[in-house]
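*Asks:* Quick one: structure below, then a few questions.
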Amino acid sequence: MIHVLATIEVHPGHRAAFLREFHALMPLVHAEHGCLEYAPAVDCPTSIPVQARLGDDAVTIIEKWADVPALEAHLKAPHMANYRVKVKPFVKGVTLHVLQPA
């Protein structure tokens with residue numbers, strides 16, 4: 001199993017539009033071979049002093065995949081190409097972390 005944390009930085013004020021497109025994509029990704037988890041998350045307000053906040057213009061995608069080949073197939077899926085076109089106007093940048101259990 002591998003873990004993926006993808007932080008999507010969106011243009012100011014476009015997070016809701018990005019999330020609408022992302023939620024429409026989710027059922028297609030959940031149906032992919034090897035997808036164990038795929039969901040968006042945003043900052044949770046807390047009083048924890050060491051919390052590093054991403055802010056209102058970011059979404060973190062939390063993913064779990066059976067293995068690297070499943071993730072690589074996901075990235076090449078036709079619905080992902082279509083999704084990238086739809087969200088391009090909203091996305092400012094992407095940071096991707098692919099991790100394995102230690």
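The values are calculated or read from the model by the stated rules, or taken from the named source; none is laboratory data. Keep in mind that this is a model prediction, so the values were computed, not measured. Cβ sites come from the backbone with ideal geometry, for glycine too, and all protein chains shown count toward neighbours. Heads up: the accessible areas ignore ligands, DNA and RNA and are worked out on the full protein's heavy atoms, side chains in. Shrake-Rupley method; radii C 1.70, N 1.55, O 1.52, S 1.80 Å.
*Asks:* Name the shape class, rounded, prolate or oblate, that the alpha-carbon gyration tensor gives for the stretch 1-40, where a ≥ b ≥ c are the square roots of its eigenvalues, rounded holds for a/c under 1.5, and otherwise prolate holds if a/b is larger than b/c and oblate otherwise.
*Replies:* Note, shape of the stretch 1-40 comes out oblate.
*Asks:* Can you list the trypsin sites (Lys or Arg not before Pro) in the stretch 17-75 that are in a DSSP coil and have 14 or fewer other beta carbons within 10 angstrom?
*Replies:* R53
*Asks:* When a/c is below 1.5 the answer is rounded, else prolate if a/b is larger than b/c, else oblate, so apply that to the stretch 7-63 with a ≥ b ≥ c taken from the square roots of the Cα gyration tensor eigenvalues.
*Replies:* Cα axes put the stretch 7-63 in the oblate bin.
*Asks:* For the chain, which whole-number percentage of the solvent-accessible area (1.4 Å probe, protein heavy atoms only) is attributable to carbon and sulfur atoms?
*Replies:* Result for the chain: 62 percent of the exposed heavy-atom area is carbon or sulfur.
*Asks:* First measure r as the distance between the Cβ atoms of H97 and A52, then evaluate 1/(1 + (r/R0)^6) with R0 = 22 Å and state the FRET efficiency to the nearest 0.05.
*Replies:* 0.95
*Asks:* Further question on the same structure: Please work out the Cα center distance from the stretch 75-95 to the stretch 18-68, rounded to the nearest Å.
*Replies:* That distance is 14 Å.
*Asks:* Something else now. Would you mind classifying the stretch 43-102 by shape? Square roots of the alpha carbon gyration tensor eigenvalues, ordered a ≥ b ≥ c; an a/c under 1.5 is rounded, otherwise it is prolate if a/b is larger than b/c and oblate if not.
*Replies:* oblate
*Asks:* For the chain, I need the span (max minus min coordinate) of the C-alpha atoms along each principal axis, in Å, sorted largest to smallest.
*Replies:* The principal-axis extents, from largest down, are 38, 36, 20 Å.
*Asks:* Mind checking the per residue accessible area of the chain for me, 1.4 Å probe, whole number of Å²?
*Replies:* Heavy-atom SASA per residue in the chain reads 63 Å².
*Asks:* Spelling out what I want: for every residue of the stretch 87-101, take phi, set θ = phi - 60°, compute 6.51 cos²θ - 1.76 cosθ + 1.60 (Karplus), and round to whole Hz; glycine and proline get x.
*Replies:* 9, 3, x, 9, 8, 9, x, 9, 10, 10, 10, 10, 10, 10, x
*Asks:* Among the aspartates and glutamates, which fall within straight-line cross-link reach of K64, defined as a Cα-Cα distance under 13 Å, with same-chain neighbours fewer than 8 residues apart omitted?
*Replies:* E32, E37, E72
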